[in-house]
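Let me begin by presenting the structure, written as structure tokens, before commenting on it.
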Amino acid sequence: MLNSLPISLRTQVGIVGAGPAGLVLSHLLSLQGIESVVVENRSRQYAEQRVRAGVLEQGTVDLLIEMGVGERMKAEGLVHHGIELRFGGRGHRIDFQDLTGGKGITIYAQHEVLKDLNNARVAAGGQVLFEVDNVSVHDFDSSRPKIRYQKDGNACELTCDFIAGCDGFHGICRPSIPTGVLTEYEREYPFGWLGILAEAPPSSEELIYTYHDRGFALLSMRTPRISRLYLQCKPDEDVDLWSDEKIWQELHTRLASEGWTLTEGQILQKGVTGMRSFVVEPMQYGRLFLAGDSAHIVPPTGAKGLNLAVADVQILARALKHFYSTGSCDLLDTYSAICLRRVWKVQRFSWWMTSMLHRFPDENPFDHRRQLAELDYVTSSRAAAKTLAENYVGLPLE
Ligand code: RFL
Ligand code: PHB
């Protein structure tokens, strides 16, 4: 039975969603002496086991270390200084270290980042409420926005100064903004990725992005014993039609290169992900700020989603700090514009990587030749390789 009167609570910043955006924001704010409460509808265990991103940009790594949550990542993360682009059965290395003046990426699973952040929030006495139901946001066009939810059967109302909508693409914050305020920009791709996690030592020290006549394939990893591999497939591919044997067979075919072998192992998990590019403008309405996947989605080919979410909340935390120390909304008012400049550059990069590396069902022989020329160019021109490298390791924060 629900109590009829809601329990009233108060905080400075109410955060919906305990994904990377919500937890990084909450911890950054607490380091700045700003109080927040995070409400999350899933369990902590679910979030800490869900397999998603794996590539952290240098800026994300630096931030996590600065925030004091980088110890395990430094010990267990795999630092990479390049990637391989493979096409026509041959590999071509893009050397990030050389092309970006020493920058790189770190392979460390998103759910491991979440574990580190949750532990840090608990240690700091932070409030992250898991398994809350019926979350809704109200009055964000006033100076006293509210988050309503149910926790353990009790109706609660959290009054805040600001709400951060960090609840991902399928969350409730973006749809709560009145119709007509947001403009949506969207592109769906006519393919998806079938991803597996396998108990097999990675067959390469660095990631391999492959363009093959039968479609894209990616070799990635999580640890020295666990490989993460992806195959381009139909957007609505039925994963049950893919036996382990068929998956390995297809990976062998697409990744084939002379003198190189793919090591197989037990498949621990498989799933299909759709691919889309999506942006809403602006990323703010009144005192509701959207951050991360709730405001934008990129296809995974550029490995950018998590990194973009972290960049958003860094900008938001900076603006909130400015507000609480000066009373001025100046930086909050520029939040959306600053984020969107970066978002669109990352959208462009993710779209470009996706367009270069996948087979399109409606392509003609001209398109195919153009893609091969693009790959040839990127791997033979230092200027082109540099463009890829500087985007892949992460553009600087404005
Ligand atoms: P999240 O991670 O989706 O977190 C949102 C949280 O909000 C909760 N939530 C709610 N809570 C309360 N009430 C509601 N009504 C709620 N509705 C939702 C959810 O339960 C969840 O906990 O969004 P956030 O924080 O913006 O983070 C975004 C990233 O998770 C995402 O962009 C990346 O995973 C994308 N991504 C990659 N990003 C990278 O930077 N590098 C990569 O290598 C990379 N690889 C990937 C990826 C995403 C993939 N999939 C599965 C889409 C590979 C794949 C296959
Ligand atoms: C991953 O390891 O899951 C991964 C790596 C690179 C990408 C996307 C996903 O571009």
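The values are calculated or read from the model by the stated rules, or taken from the named source; none is laboratory data. Nothing here was measured: the structure is a model prediction, and the numbers come from that model. Backbone-built Cβ (ideal geometry, glycine too); neighbour counts: all protein chains shown. Protein only, heavy atoms only, side chains kept; ligands, DNA and RNA dropped before computing areas. Shrake-Rupley method; radii C 1.70, N 1.55, O 1.52, S 1.80 Å.
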*Mind checking the angle between helix 330-357 and the chain's longest principal axis? C-alpha axes, 0 to 90 degrees, to the nearest 10.*
20 degrees
*Once you list every other residue whose beta carbon is under 14 Å from the beta carbon of ARG72, what net charge do they have if Lys and Arg are +1 and Asp and Glu are -1?*
-2
*May I ask you to compute the full-extension gain from GLU205 to ARG369, defined as 0.36 nm times their residue separation minus their alpha-carbon distance, rounded to one decimal in nm?*
56.1 nm
_Amide proton proximity set for LEU268, modelled H, under 5 Å, gap of 5+_ = LEU197, ALA198, GLU199
*Skip the ligands, DNA and RNA, and give the accessible area per residue of the range 78-128 with a 1.4 Å probe, whole Å².*
39 Å²
*Which distance in nm do the two modelled labels at ASP376 and GLN150 give, with both placed 7 Å along the Cα-to-Cβ direction?*
6.3 nm
*For VAL343, net neighbour charge (Lys/Arg +1, Asp/Glu -1) across residues whose Cβ lies under 15 Å away*: +1
_Rounding to the nearest 10 and keeping the result within 0 to 90°, find how far the Cα-based axis of helix 110-123 lies from the longest principal axis of the chain._
30 degrees
*Alpha-carbon centroid distance for the pair the range 318-349 / the range 220-285, whole angstrom*: 34 Å
*Label-point gap, in nm, between HIS322 and ASN134 - each point 7 angstrom along Cα→Cβ*: 3.9 nm
*Give, in nm to one decimal, the length gained when the segment between SER143 and ARG90 is fully stretched (0.36 nm per residue of separation minus the Cα-Cα distance).*
13.2 nm
_Around CYS166: net Lys/Arg minus Asp/Glu count, Cβ-Cβ under 9 Å_ = -3
_Accessible area of the range 267-398 divided out per residue, in Å², using a probe of 1.4 angstrom_ = 40 Å²
*How large is the dipole of the range 276-398 about the Cα centre if only Lys and Arg carry +1 and Asp and Glu carry -1, each at its Cβ, rounded to the nearest 20 debye?*
200 debye
_Value of relative contact order over the range 50-111, rounded to a whole percent, pairs C-alpha under 8 Å and six or more apart_ = 49 percent
*asked:* Based on alpha-carbon centroids, what's the gap between the range 124-192 and the range 67-101 in Å, whole number please?
replied: 35 Å
*Gained length - ARG225 relative to THR253, 0.36 nm times residue gap less alpha-carbon distance*: 7.8 nm
_ALA383/ARG341 FRET efficiency (R0 25 Å; Cβ-Cβ; nearest 0.05)_ = 0.65
*Applying the Karplus parametrisation 6.51 cos²θ - 1.76 cosθ + 1.60 with θ = phi - 60° to the phi angles of the range 294-301, what ³J(HN,Hα) value in whole Hz is obtained for each residue in order, glycine and proline being reported as x?*
5, 10, 7, 10, 10, x, x, 4
*To the nearest 0.05, how large is the calculated FRET efficiency for GLU76 and ARG10 if R₀ is 51 Å and r is the Cβ-Cβ distance?*
0.85
*Using 1/(1 + (r/R0)^6) with R0 = 25 angstrom and r between the beta carbons of GLN45 and THR273, what's the FRET efficiency to the nearest 0.05?*
0.70
_What do you get for the angle between helix 305-326 and the principal long axis of the chain? Use alpha-carbon atoms, 0 to 90 degrees, nearest ten._
30 degrees
_I'd like the Karplus ³J(HN,Hα) series for the range 23-38: coefficients 6.51, -1.76, 1.60, θ = phi - 60°, whole numbers in Hz, and an x wherever there's a Gly or Pro._
6, 5, 4, 4, 6, 4, 5, 5, 5, 9, x, 9, 7, 8, 10, 9
